[in-house]
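To keep things clear, I will list the structure first and then write my remarks on it.
The values are calculated or read from the model by the stated rules, or taken from the named source; none is laboratory data. Just so it is clear, the structure is predicted and the values come from calculations on it, not from any experiment. Cβ sites come from the backbone with ideal geometry, for glycine too, and all protein chains shown count toward neighbours. Accessible surface is based on the protein model in full, side chains and every heavy atom, while ligands, DNA and RNA are left aside. Shrake-Rupley method; radii C 1.70, N 1.55, O 1.52, S 1.80 Å.
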Amino acid sequence: KNQVEQSPQSLIILEGKNCTLQCNYTVSPFSNLRWYKQDTGRGPVSLTIMTFSENTKSNGRYTATLDADTKQSSLHITASQLSDSASYICVVRSMGGGNKLTFGTGTQLKVEL
Amino acid sequence: DAGVIQSPRHEVTEMGQEVTLRCKPISGHDYLFWYRQTMMRGLELLIYFNNNVPIDDSGMPEDRFSAKMPNASFSTLKIQPSEPRDSAVYFCASSSGTSETSYNEQFFGPGTRLTVL
């Protein structure tokens, strides 16, 4: 069964600090992996997409990594800001036709002063 | 473009009542998705359409749920009769094409928060 597990479930950090969110998946065959940011009361917004051949991709202060061998991805946030407070959702697409997306339950990040 | 538009943003209803959620996808997008989000289960795909045709409705929880897409710019998700366990945030998303190795991003609407008393 395709599954996506994220850790930690929630995280509180001080403004300016770095943090790393984890995503482990069992989706097969793998097509790509996206990280979404979901602000409270809003829909998810894509941060990065990673394919099998990509190890690292950055989007401003967000850097995603992918290890397709161990089926793990991480999202690293540098110099956190209050506006980074949100839920971060890992979504993995499988190949094989149709729209086969498996969603993680997300990591709730809170950045405090 | 205004993005994906959903209405209403909030809906409070009593058990047994009919609820209709509405969605206008981004113009030109040929895929439309309905999701439900709860704290316990996260985001779950209910149904998706391609060119107004339902492709996969295996996520629809039961016969009380139905979805239609009469044209390329409008879709509805209906719950009849509603139950307290249907309380959740319902998202509509649209995208431009998809394939087995699709890079196509799904753009989400702001969601409808449904509370069934």
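So what is the accessible area of chain A per residue, in Å², with the probe set to 1.4 Å?
About 48 Å² of surface per residue is accessible.
What is the dipole size for region B:1-68, taken about its Cα centre, with +1 at each Lys and Arg Cβ and -1 at each Asp and Glu Cβ, in debye to the nearest 20?
Computed about the Cα centre, the dipole is about 200 debye.
Any idea what the dipole of region B:36-117 comes to, in debye rounded to 20, about its Cα centre with Lys/Arg Cβ at +1 and Asp/Glu Cβ at -1?
I would put it at about 300 debye.
With charges only on Cβ, +1 for K and R and -1 for D and E, what is the dipole size of the protein assembly as shown about its Cα centre, in debye, rounded to 20?
200
Run the lone-cysteine check on chain A: no other Cys C-beta under 4.7 Å from the residue's C-beta.
A:Cys19
Please express the shape of chain B as an equivalent ellipsoid: the semi-axes are the square roots of 5 times the eigenvalues of the C-alpha gyration tensor, given largest first in whole angstrom.
23, 14, 13
Would you mind giving the mean number of other chain beta-carbons within 10 Å of the Cβ of each residue in B:106-112, as a whole number?
4
In Å, what Rg and Dmax follow from the Cα atoms of the protein assembly as shown?
Calculated on Cα positions, Rg and Dmax stand at 17.7, 51 Å.
Largest first and in whole Å, give the semi-axes of region A:33-74's equivalent ellipsoid, each being the square root of 5 times a Cα gyration tensor eigenvalue.
The equivalent ellipsoid of region A:33-74 has semi-axes of 21, 11, 8 Å.
Label point 7 Å out from B:Glu62 along Cα-to-Cβ: which residues of region B:13-29 have amide N under 17 Å?
What the label zone holds, given the 17 Å backbone N cut-off, is B:14-19.
For the interface of chains B and A, what total accessible area is buried with a 1.4 Å probe, rounded to the nearest 100 Å²?
1800
Highest first, please rank the peptides A:55-63, B:68-76, A:33-41 by the mean number of other Cβ atoms sitting within 10 Å of their residues.
A:33-41, B:68-76, A:55-63
What FRET efficiency comes out for the pair A:Ala79/B:Gln17, r = Cβ-Cβ distance, R0 = 45 Å, nearest 0.05?
0.40
What lysines does A:Lys100 reach when the alpha-carbon gap must be under 24 Å and sequence neighbours fewer than 8 apart in one chain are set aside?
Straight-line reach from A:Lys100, under 24 Å: A:Lys1, A:Lys37, A:Lys57, A:Lys71, B:Lys24, B:Lys68, B:Lys78.
Could you give the nm distance between label points at B:Arg113 and B:Asn52, where each point is 7 Å from its Cα heading toward the beta carbon?
About 3.5 nm, to one decimal.
Would you tell me the mean number of C-beta atoms belonging to other protein chains that fall within 10 Å of each C-beta in A:21-34, as a whole number?
1
Taking only the alpha-carbon positions of chain A and ignoring solvent, what does the Debye formula give for the base-10 log of I(q)/I(0) at q = 0.11, 0.13, 0.21 Å⁻¹?
Relative scattering, expressed as log10 I(q)/I(0), comes to -0.32, -0.45, -1.11.
Just order B:31-41, B:15-25, A:7-17 by mean Cβ neighbour count inside 10 Å, highest at the front, would you?
Descending packing order for the listed peptides: B:31-41, B:15-25, A:7-17.
At 1.4 Å probe size, with the rest of the protein present, what percent of the exposed accessible area of region A:1-97 is carbon and sulfur atoms?
Carbon and sulfur together cover 48 percent of it.
Under the definition of partner shielding as Cβ atoms of other protein chains within 10 Å of a residue Cβ, what is the mean value for peptide A:43-49?
Mean partner shielding for this stretch: 5.
Just name one of B:Ile47, A:Gln81, A:Cys19: the one whose Cα is farthest towards the positive end of the charge dipole of the protein assembly as shown (beta-carbon charges, Lys/Arg +1, Asp/Glu -1).
A:Gln81
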